[in-house]
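The values are calculated or read from the model by the stated rules, or taken from the named source; none is laboratory data. Treat the numbers as computed from the prediction; the structure is a model and nothing was measured. Please note: Cβ atoms are built from the backbone with ideal geometry, for glycine as well, and neighbour counts cover all protein chains shown. Protein only, heavy atoms only, side chains kept; ligands, DNA and RNA dropped before computing areas. Shrake-Rupley method; radii C 1.70, N 1.55, O 1.52, S 1.80 Å.
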Amino acid sequence: MTVAMPISARGAVVLVAAALCVAQAVMAQNRTPSPSVKSSVSPAGGETPTLGVVEWLQRMHAASRQRSYVGTFVVSAPAGSLSSARIWHVCEGALQMERIEALSGPPRSTFRRNDHVMTFLPETKVVKSEKRENLELFPNLLGTPDSSIGDLYGARVLGKDRVAGFDADVVQLEPRDGLRFGYRVWSERRSGLVVKLQTIDGENRVIEQSAFSELQLDPPVKAQALAQMMGSTAGYRVEKSELERTTATKEGWSLRAPIAGFKPVSCYRRPAGVAGSAAQGHTMQWTFSDGLASVSLFVEPYDAQRQPREVLLALGATYTLTRRLPGKDGDWWLTAVGEVPPQTLDAFAQSLVRAR
């Protein structure tokens, strides 16, 4: 699950490698458990609405798509990793424009016009252009949420707090099984916009936190200005991601049994391997979601030179699992990525089978 703001600011500063299916290049990090968090929020007052999980998510979802804002967004994990970005988010009717400027790590500027995303990499003078159906908003709902989400999560109001100068309701979204993480969400009181998010593991430890350190609602920023910046590619080489919509069945894959609560939402073919690789063939990207958490399965032909070992990596709340899959038509390489517990990725890996 990612925060409701950018194409996800969190995704822009943390998950780019996963989206490009180069998780093997991510450096392994040891997860350092944090002590149990003592909430500093005040007791819930009479003004806090009493809503079910579906109603809370509908309110947050609507705010992420209707409010314009500018702010500085910070993502941190107990192991010490810290990333930040400056965000400009503009809503004008059905049009959504966004600019995300990385403030840490390599220079990077990401622009989004609805589902069209362009990432500028000034050090290499490259612009990566792609279409994204899954915009990684929080809550990352598949259209209008229905009562099935209530079978997977419960909602409990913790109280009130202030974030970046704004009053916020604090809500805990609690999973009903061990296949997903829980979330503690700070929702801006008037709009419902998510201003802070903590991802909680099964022992109630915070394993990742995302928050605005500074925020301005309804700023005087125009979509046209961001669109002009997005189109300024002079001096850059534009690389378009060649995605082809497909189905897992067409690609020859299936699950022996569904993973509880997770439904397939998309399936694409993309060129195999990392940029500059001589690898042949293509990669299938099969994505599942339970309405909040998502899992992507990247499957490509096995290459012993590029994929020497199986690993399980942790980066904040995001886990990456790689595994070699034997097949009658040759071996395959699976990279499973998701903001879910590692046992969930393992369940997907165990269930994934070659169907032909």
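Key figures for this structure:
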item: Residue check, Arg184 farther than 15 Å from Gly71 by Cα, under 23 Å from the mean Cα position of the chain (by Cα), modelled with pLDDT of 95 or more and part of a loop (DSSP other than H, G, I, E, B); result: no
item: Filter result for Ala211 (of a type in the set (Gly, Ala, Ser) and either open to solvent by less than 10 Å² (accessible area, probe 1.4 Å) or over 27 Å from Leu345 (Cβ atoms) (or both)); result: no
item: Sole residue being closer than 30 Å to Ala347 by Cβ and aliphatic (A, V, I, L, M), chosen from Val238, Val221, Val185, Val195; result: Val185
item: Flag for Leu82 being closer than 15 Å to Glu214 by Cβ and surrounded by fewer than 16 Cβ atoms within 10 Å (Cβ to Cβ); result: no
item: Region 228-260, residues that are open to solvent by less than 30 Å² (accessible area, probe 1.4 Å) and not β-branched (Val, Ile, Thr); result: Met230, Ala248, Glu251, Gly252, Trp253
item: First in region 60-89 and farther than 26 Å from Arg205 by Cβ and touching a residue at least 24 places away in the same chain (Cβ under 8 Å), second anywhere and part of a loop (DSSP other than H, G, I, E, B) and open to solvent by 30 Å² or more (accessible area, probe 1.4 Å), Cβ under 6 Å, 6 or more apart; result: Ser68/Asp218; Trp88/Val221
item: Residue match in region 329-337 (condition: free of Cβ contacts under 8 Å to residues at least 24 places away in the same chain, part of a loop (DSSP other than H, G, I, E, B) and not basic (Lys, Arg)); result: no
item: Leu297 being open to solvent by less than 10 Å² (accessible area, probe 1.4 Å) and not in a helix (DSSP H, G or I); result: yes
